[in-house]
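> Structure provided below as C-alpha coordinates; questions to follow.
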Amino acid sequence: AQTVTQSQPEMSVQEAETVTLSCTYDTSESDYYLFWYKQPPSRQMILVIRQEAYKQQNATENRFSVNFQKAAKSFSLKISDSQLGDAAMYFCAYSAGGQGGSEKLVFGKGMKLTVNP
Amino acid sequence: DSGVTQTPKHLITATGQRVTLRCSPRSGDLSVYWYQQSLDQGLQFLIQYYNGEERAKGNILERFSAQQFPDLHSELNLSSLELGDSALYFCASSPRFGSTGELFFGEGSRLTVL
(Lines give C-alpha, C1' and ligand atoms only; values in the text may rest on other atoms or scores of the structure.)
Protein backbone atom coordinates (compact mmCIF):
# COMPACT_ATOMS: atom_id res chain seq x y z
CA ALA A 1 0.00 0.00 0.00
CA GLN A 2 1.10 3.50 -0.69
CA THR A 3 2.22 5.61 2.24
CA VAL A 4 3.04 9.27 2.64
CA THR A 5 5.30 10.55 5.41
CA GLN A 6 5.67 14.08 6.70
CA SER A 7 8.27 13.87 9.41
CA GLN A 8 8.07 17.48 10.64
CA PRO A 9 4.85 18.11 12.60
CA GLU A 10 5.49 21.84 12.94
CA MET A 11 7.62 24.57 11.40
CA SER A 12 7.81 28.32 11.64
CA VAL A 13 9.12 30.97 9.27
CA GLN A 14 9.55 34.71 9.33
CA GLU A 15 7.39 36.74 7.01
CA ALA A 16 9.11 37.29 3.63
CA GLU A 17 11.50 34.39 4.23
CA THR A 18 11.61 31.02 2.47
CA VAL A 19 10.62 27.72 4.02
CA THR A 20 10.76 24.13 2.75
CA LEU A 21 8.32 21.43 3.81
CA SER A 22 9.45 17.85 3.35
CA CYS A 23 7.52 14.77 2.26
CA THR A 24 8.47 11.25 1.32
CA TYR A 25 6.26 8.54 -0.11
CA ASP A 26 6.34 4.91 -0.96
CA THR A 27 4.85 3.31 -4.04
CA SER A 28 5.56 0.61 -6.56
CA GLU A 29 3.76 2.47 -9.33
CA SER A 30 5.69 4.25 -12.07
CA ASP A 31 3.01 6.80 -12.90
CA TYR A 32 1.19 8.75 -10.22
CA TYR A 33 0.38 12.23 -8.94
CA LEU A 34 1.64 14.13 -5.94
CA PHE A 35 -0.04 17.07 -4.30
CA TRP A 36 0.34 19.64 -1.59
CA TYR A 37 -2.91 20.72 0.01
CA LYS A 38 -3.29 23.61 2.44
CA GLN A 39 -5.82 23.65 5.26
CA PRO A 40 -6.19 27.09 6.90
CA PRO A 41 -8.21 27.62 10.10
CA SER A 42 -11.32 27.81 7.93
CA ARG A 43 -10.63 24.02 7.46
CA GLN A 44 -11.23 24.09 3.70
CA MET A 45 -8.78 21.84 1.87
CA ILE A 46 -7.13 23.93 -0.83
CA LEU A 47 -4.88 22.58 -3.55
CA VAL A 48 -1.52 24.36 -3.55
CA ILE A 49 0.38 22.51 -6.26
CA ARG A 50 0.34 19.29 -8.27
CA GLN A 51 3.12 17.19 -9.82
CA GLU A 52 2.75 14.41 -12.36
CA ALA A 53 5.37 11.73 -11.81
CA TYR A 54 6.11 11.33 -15.51
CA LYS A 55 7.17 14.98 -15.75
CA GLN A 56 10.78 15.63 -14.85
CA GLN A 57 10.24 19.37 -14.57
CA ASN A 58 9.35 20.55 -11.10
CA ALA A 59 5.95 22.22 -10.79
CA THR A 60 5.74 25.91 -9.90
CA GLU A 61 2.77 28.05 -8.89
CA ASN A 62 3.73 31.64 -8.15
CA ARG A 63 5.54 31.58 -4.77
CA PHE A 64 5.17 27.83 -4.43
CA SER A 65 7.48 25.31 -6.04
CA VAL A 66 8.34 21.68 -5.52
CA ASN A 67 11.51 19.62 -5.57
CA PHE A 68 10.44 16.26 -6.95
CA GLN A 69 13.04 13.53 -6.65
CA LYS A 70 11.42 10.43 -8.15
CA ALA A 71 14.24 7.99 -7.42
CA ALA A 72 14.41 9.11 -3.82
CA LYS A 73 10.58 9.27 -3.57
CA SER A 74 10.83 12.73 -2.16
CA PHE A 75 8.46 15.65 -2.78
CA SER A 76 9.24 18.86 -0.92
CA LEU A 77 7.37 22.15 -1.09
CA LYS A 78 9.21 25.47 -1.08
CA ILE A 79 7.31 28.59 -0.13
CA SER A 80 9.11 31.78 -1.09
CA ASP A 81 8.41 35.25 0.31
CA SER A 82 6.22 33.75 3.04
CA GLN A 83 3.08 35.69 3.88
CA LEU A 84 0.89 35.68 6.97
CA GLY A 85 -1.84 34.05 4.94
CA ASP A 86 0.38 31.05 4.33
CA ALA A 87 -0.06 29.98 7.95
CA ALA A 88 -1.97 26.69 7.81
CA MET A 89 -1.72 22.93 7.99
CA TYR A 90 -0.02 21.53 4.91
CA PHE A 91 -0.70 18.03 3.71
CA CYS A 92 1.32 16.05 1.21
CA ALA A 93 -0.79 13.60 -0.79
CA TYR A 94 -0.37 10.82 -3.32
CA SER A 95 -2.71 9.49 -5.97
CA ALA A 96 -2.25 6.58 -8.31
CA GLY A 97 -4.61 8.43 -10.64
CA GLY A 98 -6.87 5.50 -11.26
CA GLN A 99 -4.30 2.73 -11.61
CA GLY A 100 -5.39 -0.19 -9.47
CA GLY A 101 -8.98 0.97 -9.47
CA SER A 102 -9.26 4.13 -7.43
CA GLU A 103 -8.16 7.73 -7.71
CA LYS A 104 -8.27 8.25 -3.97
CA LEU A 105 -5.71 10.45 -2.28
CA VAL A 106 -3.43 9.09 0.42
CA PHE A 107 -2.42 11.85 2.82
CA GLY A 108 0.48 12.43 5.11
CA LYS A 109 -0.28 13.43 8.69
CA GLY A 110 0.24 17.08 7.94
CA MET A 111 2.52 19.85 9.13
CA LYS A 112 1.54 23.05 10.89
CA LEU A 113 3.24 26.12 9.44
CA THR A 114 3.41 29.28 11.51
CA VAL A 115 4.39 32.57 9.86
CA ASN A 116 5.84 35.13 12.23
CA PRO A 117 5.46 38.86 11.43
CA ASP B 1 -15.54 27.78 -3.71
CA SER B 2 -14.76 24.21 -4.80
CA GLY B 3 -18.30 23.53 -6.01
CA VAL B 4 -18.70 20.64 -3.55
CA THR B 5 -21.48 21.20 -1.01
CA GLN B 6 -21.70 19.45 2.33
CA THR B 7 -24.46 19.62 4.89
CA PRO B 8 -24.71 20.06 7.78
CA LYS B 9 -21.62 22.11 8.60
CA HIS B 10 -21.88 21.33 12.28
CA LEU B 11 -23.66 18.54 14.12
CA ILE B 12 -23.80 17.72 17.82
CA THR B 13 -25.35 14.48 18.96
CA ALA B 14 -25.18 11.87 21.70
CA THR B 15 -23.55 8.48 21.88
CA GLY B 16 -25.64 5.71 20.38
CA GLN B 17 -27.38 7.99 17.92
CA ARG B 18 -27.38 7.91 14.12
CA VAL B 19 -26.62 10.80 11.78
CA THR B 20 -26.56 11.33 8.03
CA LEU B 21 -24.09 13.60 6.27
CA ARG B 22 -24.88 14.80 2.78
CA CYS B 23 -22.64 15.74 -0.12
CA SER B 24 -23.36 17.23 -3.53
CA PRO B 25 -20.37 16.89 -5.89
CA ARG B 26 -19.24 19.43 -8.45
CA SER B 27 -21.42 19.56 -11.50
CA GLY B 28 -20.36 16.77 -13.86
CA ASP B 29 -18.17 14.91 -11.38
CA LEU B 30 -19.00 11.21 -11.16
CA SER B 31 -16.77 10.22 -8.25
CA VAL B 32 -17.43 11.01 -4.62
CA TYR B 33 -15.00 10.32 -1.79
CA TRP B 34 -15.50 10.44 1.96
CA TYR B 35 -12.66 11.21 4.36
CA GLN B 36 -12.53 11.41 8.14
CA GLN B 37 -10.16 13.89 9.77
CA SER B 38 -9.42 13.45 13.44
CA LEU B 39 -6.59 14.88 15.52
CA ASP B 40 -4.82 11.59 16.10
CA GLN B 41 -5.50 9.83 12.77
CA GLY B 42 -5.12 12.62 10.25
CA LEU B 43 -7.08 12.36 7.01
CA GLN B 44 -8.35 8.83 6.57
CA PHE B 45 -10.01 7.62 3.38
CA LEU B 46 -13.35 5.99 4.09
CA ILE B 47 -15.02 5.12 0.82
CA GLN B 48 -15.37 6.10 -2.85
CA TYR B 49 -18.38 5.89 -5.13
CA TYR B 50 -18.32 6.24 -8.88
CA ASN B 51 -21.55 6.85 -10.77
CA GLY B 52 -23.61 5.16 -8.10
CA GLU B 53 -21.40 2.16 -7.43
CA GLU B 54 -18.86 1.56 -4.70
CA ARG B 55 -15.38 1.76 -6.19
CA ALA B 56 -13.00 1.63 -3.26
CA LYS B 57 -13.26 1.10 0.45
CA GLY B 58 -10.81 2.29 3.05
CA ASN B 59 -10.88 2.35 6.83
CA ILE B 60 -14.63 2.55 7.15
CA LEU B 61 -16.22 1.03 10.23
CA GLU B 62 -19.09 -1.43 9.89
CA ARG B 63 -21.27 1.07 11.78
CA PHE B 64 -20.78 3.48 8.88
CA SER B 65 -22.35 3.18 5.45
CA ALA B 66 -22.62 5.32 2.39
CA GLN B 67 -24.40 5.47 -0.93
CA GLN B 68 -24.47 7.55 -4.06
CA PHE B 69 -27.82 8.34 -5.60
CA PRO B 70 -28.81 8.62 -9.29
CA ASP B 71 -28.45 12.41 -9.13
CA LEU B 72 -24.85 11.73 -7.93
CA HIS B 73 -25.23 13.22 -4.48
CA SER B 74 -23.94 11.02 -1.69
CA GLU B 75 -24.83 10.36 1.92
CA LEU B 76 -22.66 9.00 4.71
CA ASN B 77 -24.61 7.31 7.50
CA LEU B 78 -22.99 6.96 10.89
CA SER B 79 -24.77 4.82 13.46
CA SER B 80 -24.31 3.70 17.07
CA LEU B 81 -22.11 6.73 17.49
CA GLU B 82 -19.21 6.68 19.92
CA LEU B 83 -17.17 9.50 21.39
CA GLY B 84 -14.30 8.56 19.10
CA ASP B 85 -16.39 9.25 16.02
CA SER B 86 -16.13 12.96 16.73
CA ALA B 87 -14.26 14.32 13.73
CA LEU B 88 -14.40 16.43 10.62
CA TYR B 89 -15.90 14.51 7.73
CA PHE B 90 -14.94 15.66 4.26
CA CYS B 91 -16.54 14.88 0.97
CA ALA B 92 -14.57 15.32 -2.23
CA SER B 93 -15.36 14.81 -5.88
CA SER B 94 -13.52 14.28 -9.12
CA PRO B 95 -14.33 13.56 -12.74
CA ARG B 96 -13.41 10.11 -13.94
CA PHE B 97 -12.08 10.35 -17.42
CA GLY B 98 -9.35 12.85 -17.99
CA SER B 99 -8.80 13.02 -14.27
CA THR B 100 -5.59 14.73 -13.18
CA GLY B 101 -5.79 13.01 -9.84
CA GLU B 102 -6.96 16.16 -8.08
CA LEU B 103 -9.86 15.95 -5.67
CA PHE B 104 -12.11 18.90 -4.94
CA PHE B 105 -13.11 19.12 -1.31
CA GLY B 106 -16.17 20.44 0.42
CA GLU B 107 -15.92 22.48 3.60
CA GLY B 108 -16.53 19.46 5.78
CA SER B 109 -19.10 18.47 8.39
CA ARG B 110 -17.95 18.81 11.98
CA LEU B 111 -19.46 16.01 14.07
CA THR B 112 -19.33 16.20 17.84
CA VAL B 113 -20.51 13.18 19.82
CA LEU B 114 -21.23 13.87 23.50
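> How much net charge surrounds A:Glu15 when only other residues with a Cβ under 13 Å from its Cβ are counted (Lys, Arg +1; Asp, Glu -1)?
Numbers: positive: A:Arg63; negative: A:Glu17, A:Asp81, A:Asp86.
Local charge sum for A:Glu15: -2.
> Separate question: List the chymotrypsin sites (Phe, Trp or Tyr not before Pro) within region A:33-117 that DSSP assigns to loop and that have no more than 15 neighbouring Cβ atoms inside 10 Å.
Numbers: sites: A:Tyr33, A:Phe35, A:Trp36, A:Tyr37, A:Tyr54, A:Phe64, A:Phe68, A:Phe75, A:Tyr90, A:Phe91, A:Tyr94, A:Phe107; in loops: A:Tyr54.
Passing both the DSSP loop test and the Cβ count: A:Tyr54.
> Using a 1.4 Å probe, what is the accessible area per residue for region A:1-95, in Å²? Walk me through the numbers before you get to the answer.
Details: 4730 Å² over 95 residues.
Heavy-atom accessible area per residue stands at 50 Å².
> Counting only Cα atoms, I'd like the Rg/Rh figure for region B:1-60, Kirkwood definition for Rh. Intermediate values should be presented prior to the final figure.
On the way: Rg = 13.1 Å, Rh = 13.3 Å.
When Rh is taken as the Kirkwood radius, the ratio is 0.99.
> Contour minus end-to-end for A:Lys109 and A:Ser80, with contour as 0.36 nm per residue of separation and end-to-end as the Cα-Cα distance? Write down the numbers at each step before the final one.
On the way: separation 29, 0.36 × 29 = 10.44 nm, distance 2.28 nm.
Taking 0.36 nm per residue and subtracting the Cα distance, the gain is 8.2 nm.
> On average, how much accessible surface per residue is there in chain B, in Å², for a 1.4 Å probe, leaving out ligands, DNA and RNA?
Details: 5380 Å² over 114 residues.
Ligands and nucleic acids excluded, the result is 47 Å² per residue.
> Got a sec? Which residues of region A:25-48 lose 20 Å² or more of accessible surface with every protein chain in place, vs. that chain alone, 1.4 Å probe?
Residues meeting the cut-off: A:Tyr33, A:Phe35, A:Tyr37, A:Gln39, A:Arg43, A:Gln44, A:Met45, A:Leu47.
> What is the percent carbon and sulfur in the accessible area of chain B, measuring with a 1.4 Å probe over the protein chains and ignoring ligands?
Values: 2550 of 5380 Å².
After summing per-atom areas, the C and S share lands at 47 percent.
> Can I ask one more? Nearest 100 Å² is fine: what is the total accessible surface buried where chains A and B meet, probe 1.4 Å? Walk me through the intermediate numbers first.
Numbers: alone 6600 and 6300 Å², together 10980 Å².
What A and B bury together is about 1900 Å².
> Under a Cβ-Cβ cut-off of 14 Å, what is the net charge of the residues other than A:Pro40 that fall near it, where Lys and Arg count +1 and Asp and Glu count -1? Could you put the intermediate results ahead of the total?
Numbers: positive: A:Lys38, A:Arg43, A:Lys112; negative: A:Asp86, B:Glu107.
Residues close to A:Pro40 contribute a combined charge of +1.
> Return one quarter of the surface area of the convex hull spanned by the alpha-carbon atoms of the protein assembly as shown, equal to its mean projected area, in nm².
12.5
> Could you look at chain A and say what percent of its accessible area is carbon and sulfur, using a 1.4 Å probe and all protein chains? Show your work: numbers first, answer last.
On the way: 2550 of 5600 Å².
About 46 percent, which is the carbon plus sulfur part of the accessible surface.
> Here's another thing I want to ask about it. At 7 Å along the Cα-to-beta-carbon direction for both B:Ile60 and A:Ala16, put a label point, then send me their distance in nm to one decimal.
With each label point 7 Å from Cα toward Cβ, the separation is 5.1 nm.
> Run the numbers for B:Thr20 and B:Gln41: contour at 0.36 nm per residue of separation, minus the present Cα-Cα distance, in nm.
Working: separation 21, 0.36 × 21 = 7.56 nm, distance 2.16 nm.
Result: 5.4 nm gained on full extension.
> Rounded to the nearest Å, what's the spacing between the alpha carbon centres of region A:1-39 and region A:42-101? Just the number, please.
7
> When the Kirkwood radius is taken over all Cα pairs of chain B, what Stokes-Einstein diffusion coefficient follows at 10 °C and 1.306 mPa s, in µm²/s? All intermediate terms of the calculation are to be shown ahead of the outcome.
Numbers: Rh = 14.0 Å.
Translational D for this selection: 114 µm²/s.
> With a 1.4 Å probe and every protein chain left in place, tell me how much accessible area A:Arg43 has, in Å² to the nearest 10.
Approximately 40 Å² for this residue.
> Considering all projection directions equally, how large on average is the shadow of the alpha-carbon convex hull of chain A, in square nanometres? It would help to have the intermediate numbers written out before the result.
Numbers: hull surface 27.7 nm².
So the mean shadow area of the Cα hull is 6.9 nm².
> Same structure again: So for the pair A:Thr60, B:His73, with labels modelled 7 Å out along Cα→Cβ, what separation do we get in nm?
Placing both labels 7 Å beyond Cα along the Cβ direction yields 4.4 nm.
> Over chain A, what is the relative contact order in whole percent, taking alpha-carbon pairs under 8 Å and six or more residues apart? All intermediate terms of the calculation are to be shown ahead of the outcome.
Values: 283 pairs, mean separation 42.3, N = 117.
Result for chain A is 36 percent.
> Running a GNM on chain B with Cα contacts under 10 Å, which residue among B:Ile47, B:Ile60, B:Ile12 ends up with the highest mean-square fluctuation?
Taking springs between Cα atoms under 10 Å, the residue moving most is B:Ile12.
> Of the cross-linked pairs A:Lys109/B:Lys57; A:Lys38/A:Lys104; A:Lys78/B:Lys57; A:Lys112/B:Lys57, which ones have a Cα-Cα span greater than 25 Å in the structure shown?
A:Lys78/B:Lys57; A:Lys112/B:Lys57
The values are calculated or read from the model by the stated rules, or taken from the named source; none is laboratory data. The structure displayed is predicted, hence computed values, not measured ones. Here Cβ is always computed from backbone atoms with ideal geometry, including for glycine, and neighbour counts include all displayed protein chains. Side chains included, ligands, DNA and RNA excluded: accessible areas come from the protein's heavy atoms. Shrake-Rupley method; radii C 1.70, N 1.55, O 1.52, S 1.80 Å.
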